Every structure is written in C-alpha cells, then in structure tokens.
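The values are calculated or read from the model by the stated rules, or taken from the named source; none is laboratory data. Fair warning: this is a prediction, and the values are worked out from it, not measured in the lab. With ideal geometry, Cβ positions are generated from the backbone for all residues, glycine too; neighbour counts draw on all protein chains shown.
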Amino acid sequence: MLEVRIERAALATMLASTREVFSNETYGLLLGKKSQKVAEVLHAVPCQVADRKRYEVSCNGKTRKLEEVLRSFEGRDFQVLGDFHSHPVLRNQSFSEYSEISDSDHDDIEKDEIYALITARLVDSKKYDIRYAQITPGIAGRWSDLYFNLKVYAWRNECECFSPAPVKCRGIKIKRK
C-alpha cells in the first residue's frame, strides 16, 4: 500500500486555502515525488480560479492551463501527484458525513494520482495554536480556528479501488490517538 508523506509547508498551504474560501470548497494541485511505495507531497498549489460552490468544485479552462504549465516542469525533481480539495462542514452538520469522498469526487480521481480530502469546520478558538493527531488513516487537528481531518486516497491494485492511504507529516509534532 502506498504511504503518503506531506511536508509541513504543503499542509499549511492546503489548510490556508481551505480557510481562505471556507464557505465553498477549495481545489489545488499536489506536487512532489512518487515511487512504488511512497508519495512525497512537497508542495501544494491552490487553484484560486476553480469554479467553486458550497458542495462542489470543478476545473475550468484556467485550472487546466495551470495544471498544463506545472506538468511542463515535471522531471526528476517533482511531478504533479494529484489534487486536493475540501468539504466545508457547518456547525449543525455531521462531520463524519462529509469526511469521505463523494461519488463525483470518486469519478474525478485518476488511477495513477493521489487525492487529498480536507474536511473542515470553523471552531471558536481564542488560542491560535496548532495541534495535530495521527488518526487512522490520516491526520486531524486544529489550525487557528479551523478544525480539520485530512485523508489521502490512492489506488490499490489488490482490490482495484481507491482507499485511504497511511499519511505522515514531516516537520510537525503529532500526538498519537
């Protein structure tokens, strides 16, 4: 099974993008290196021109152009590994209901790519500290006033399906749950 390692700066970019457009879904591309066993997410590039709605985000000509430009730089140093997007959750909604990929999300995933999903809710927080916990199979935590759950999906040949991959974050202290 593929293990996903995310650099702290890439996680911070994904969370900032999620917080910036919280009332809608966010979208961006994941850049890094990939072998048979490990995908290393070194950078996250938000696509601010994606078509966003409360419960949907879709690519358009501008997002496809950004991906095309990034793919033109691919080489030994990095490649486009896949993408990330968020599911914003309101206070009166069930968090667990939105923490899995939807049918339309599933249809958009390419077999050779990874797909990061950030489920997020705004919380009251007078402290602006960062706390993380390792959960199976991802990472959960609080970043300022944003409570989040991050799962990364990857293709598994043995079941011919997408499933959450083990996730590790470099450069942050994580409590084990």
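Just a few scattered comments:
- Among the residues of the stretch 5-35, those that are in contact (Cβ under 8 Å) with a residue 24 or more places away in the chain, assigned to a loop (DSSP other than H, G, I, E, B) and not aliphatic (A, V, I, L, M) comprise Phe22, Ser23, Asn24, Glu25, Thr26.
- Residue within the stretch 98-105 that is under 16 Å from the mean Cα position of the chain (by Cα), assigned to a loop (DSSP other than H, G, I, E, B) and acidic (Asp, Glu) present: yes
- Strands (runs of 3 or more DSSP E) contained in the stretch 116-156 and holding at least 3 residues modelled with pLDDT of 75 or more and either more than 19 Å from Ile6 (Cα to Cα) or not acidic (Asp, Glu) (or both): 138-143, 146-156
- Inside the stretch 36-58, residues that are more than 16 Å from the chain's Cα centre (by Cα), under 20 Å from His106 (Cβ atoms) and either of a type in the set (Gly, Ala, Ser) or not in a strand (DSSP E or B) (or both) make up a count of 1.
- Any chance Arg64 is free of Cβ contacts under 8 Å to residues at least 24 places away in the same chain and either part of a strand (DSSP E or B) or not β-branched (Val, Ile, Thr) (or both): yes
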